[in-house]
């Protein structure tokens, strides 16, 4: 689902980003890659083994919801700008990318009834662990974007591509109600490119520059917490600036 958008980012995107190249690269220098990789593999393999019955259950749900494959392989931009296929359990009707935009809004008609359940429970993202084991993703990091949205990145924003994308992280938690925000817009793609995406990238750049093992563990715990106990109040994306201080 990657329709090309002709909308251009707003002129003030760069002013929203306060981190320079040196601080981002310093964060990369401090963080030990092998430590993060070992943690990713150990955690991903353990979770897949422990959740194998749940994985099978979700696979069956994805298969019976409608005709089509169990997995949806989304084209995403990874570290260094390399394109890879991100695995998810399919939650939409077959050929959904041909009958709508590249974003999913709240109560999107393309999402099946079973697909909504998979999305609410986050079971649809369980196959992301396969990408982690393959070395294409990490547990914590910037959420990978589709190529047609990455083309709108500024040079500063492209620094998020210096690290592996993650299953979860600050911007994902802060923007967990993204579908509702998009559904309220007359032009969801324009709003995403000019408003939501720059603010998500601001958080991602902050994470890249300040990442450490302890903060990754905290973000992992916080992710489980918000999935199991969803907050009643919906934090606006603009309020997410304080999230890194956990």
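A short reminder: the numbers here are calculations on the coordinates, not readings from a lab. None of the values given here were measured: they were computed from a predicted structure. Every residue, glycine among them, receives a Cβ derived from its backbone with ideal geometry; neighbour counts consider all protein chains shown.
Overview of values
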quantity	calculated
Pair residue 47, residue 63: separation of 7 Å Cα→Cβ label points (nm)	2.4
Length gained when the stretch residue 109-residue 154 is fully extended (0.36 nm per residue, less Cα-Cα span)	12.9 nm
Gyration tensor (alpha-carbon) shape descriptor, the range 161-232, a/c threshold 1.5	oblate
The range 14-229, relative contact order [Cα under 8 Å, separation at least 6], %	27
Considering only the range 14-229, percent of DSSP beta bridges that pair antiparallel, nearest 5	80
